[in-house]
Amino acid sequence: MPLGNLDTKRLPAGSVLIVGAGLAGLYLALKLAPRPVYVLTSRRSSVGAASAWAQGGIAAALSADDSAESHAKDTIAAGDGLVDPDIARTLATEGPGRVHDLAALGVPFDRNEAGELYLSLEAAHSMPRVARVKGDTAGAEIIKVMVARAQNSDHITGLIGWRAESLLQDGNGAIAGALARNDEGSLLGIEADITVMATGGVGGLFAVTTNPRTARGDALGMAAVVGAKLRDMEFVQFHPTAIDIGRDPAPLATEALRGEGAVLTNSDGVRFMPRYHEQGELAPRDDVARAIFAEIEGGRQPYLDCRTAIGSHFDVEFPTVFESCISAGIDPRTALIPVAPAVHYHMGGLATDSFGQTSLDSLLAVGECSATGVHGANRLASNSLLEAVVFGGRAADYINGRDWAERRAGTIRIQPWLSMGKDVSQTLRNAMTAKCGVRRDAKKLNALITLIDGLINRVGRANPLVASRIIAAAALAREESRGGHFREDFPNEADRAISSYLTYDRLD
């Protein structure tokens, strides 16, 4: 439909509209200077950005003993057959330079007495390569620096208090901006020559997650209903060690704890990971998550035991985890931490090339809502912050190096947006966790799809329902177990590893 009497804001020619203010979006915005950039964000601070919640750090080949080849090899191995090797090499090769760039921007990475970056070991890495900030506050500290830099950059304008609801299209179907709503309910059509989705993941679609509840796959839903191609949507990573204290979202016990030697035990006092995987606590996340889930199903509460490995230094080395535990009456220096799997990261997303270009003209995607092929079926620990800066930087290079046609002529079309309501949202979250969680099967997934279709018939194509419908359809179609996707009715891997590509109009 045409914009009609709807309030509109036409951004200057050649401007970029970035939807989302996490690390990928803010780094991209900074690197686009002096091009005018408008950042659409629904919050007045970084608290809603999942990037700010990242605890472990940022992985890169930063030591003399390490190499981009080794990092790429670990990334490919963790992705269980679905990582694009060229994309993995791009991430690993460009990674160190981007980390040093963050340091130059003011990120206070932890360093040893010699002034070298302190690097920690995390699961499935062949050597220590994770740069940390103040122990377990890497995400928050990096975002703090990015926000300050953005606020002091003349080329960046913050459209604060607005949330994108749908995408605008010109008469040729190219993306021409976004329709946004503010906290008071007013709508605004923001017309832009270049639109970039940087909205994060899908954790808020599930009942148990470590993500902000607002991370509901809105970018995926918005883009899907106008024909965007999506990739590997079935692959959802469950972090094995969310702190099991009944909070929503669940606080996270970073993987770095296990890298420092913490072990997993159960309520019988038995260290159980060696029974499930030869790498024990440092096995890939999906293996650890399924092992913990199996212990829970067996009636044995899993715990993370940090008393020996971390002990009295816990409050200094891991202050965020320490504070979460203490707030629940648990002193991790002397007591066990109850843990459970929780949705933590989405490997799938909008299919893009290595510069963030989606299948739709004038629409790019960076960060967790994109799918370049760098994570495959299972993301390697602490590659997410690195992905944000490497591919955010590449998207900036691509945008600045291309002549973008103005999106001013022709009819502007708006896909209608619909609100789900709290009851529908909770119904969806509970169903996604129960039927599309750590262990899946055809019966559960078919029941989930029927439920989602019923909700869509009831309230319309709300973005979270569309995103959930695609995740469920992709999970049903993949009749094998691989990476973060485990099918009880197809427990083995297929002979060939093939990425899945879907569009919303071809699900049935």
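The values are calculated or read from the model by the stated rules, or taken from the named source; none is laboratory data. As the structure is a computational prediction, the values presented were derived from the model and not from experiment. Don't worry about glycine lacking a Cβ; one is built from the backbone with ideal geometry, like all the others, and counts go over all protein chains shown.
A count restricted to the stretch 81-127 and to residues that are at pLDDT 95 or above, in a loop (DSSP other than H, G, I, E, B) and among the acidic types (Asp, Glu) stands at 1. In summary, strands (runs of 3 or more DSSP E) completely within the stretch 226-314 and bearing 1 or more residues that are touching a residue at least 60 places away in the same chain (Cβ under 8 Å) and under 25 Å from the mean Cα position of the chain (by Cα) occur at 236-243, 302-305. Do the conditions hold for residue 14, that is, is it surrounded by fewer than 20 Cβ atoms within 10 Å (Cβ to Cβ) and either at pLDDT 95 or above or in contact with a Phe, Trp or Tyr (Cβ under 7 Å, 6 or more places away or on another chain) (or both)? Taking the combined requirement at face value, the residue satisfies it.
Looking only at the stretch 128-140, residues that are modelled with pLDDT of 85 or more, in a loop (DSSP other than H, G, I, E, B) and touching a Phe, Trp or Tyr at 6+ places or on another chain (Cβ under 6 Å) come to 1 in all. On inspection, residue 131 qualifies as closer than 23 Å to residue 30 by Cα, in contact (Cβ under 8 Å) with a residue 60 or more places away in the chain and among the aliphatic types (A, V, I, L, M).
Working carefully through the options 164, 138, 88, find the one that is of a type outside the set (Asp, Glu), under 21 Å from the mean Cα position of the chain (by Cα), crowded, with 21+ Cβ neighbours inside 10 Å and farther than 24 Å from residue 380 by Cβ.
Testing whether each residue is of a type outside the set (Asp, Glu), under 21 Å from the mean Cα position of the chain (by Cα), crowded, with 21+ Cβ neighbours inside 10 Å and farther than 24 Å from residue 380 by Cβ leaves just 164.
Only one entry of 45, 63, 51 meets the criterion of being among the polar types (S, T, N, Q), at pLDDT 95 or above and either out of contact with any Lys or Arg (no Cβ under 8 Å at 6 or more places or on another chain) or farther than 26 Å from residue 202 by Cα (or both), and that entry is 63.
Yes/no matrix, rows are residues, columns are (1) in a strand (DSSP E or B); (2) crowded, with 23+ Cβ neighbours inside 10 Å:
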{"residue": "147", "(1), (2)": "no, no"}
{"residue": "158", "(1), (2)": "yes, no"}
{"residue": "195", "(1), (2)": "yes, yes"}
{"residue": "215", "(1), (2)": "no, yes"}
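Here residue 339 meets each of (1) part of a helix (DSSP H, G or I); (2) buried (at least 20 other Cβ atoms within 10 Å of the Cβ); (3) hydrophobic (A, V, I, L, M, F, W, C); (4) touching a residue at least 24 places away in the same chain (Cβ under 8 Å) with one exception, condition (1).
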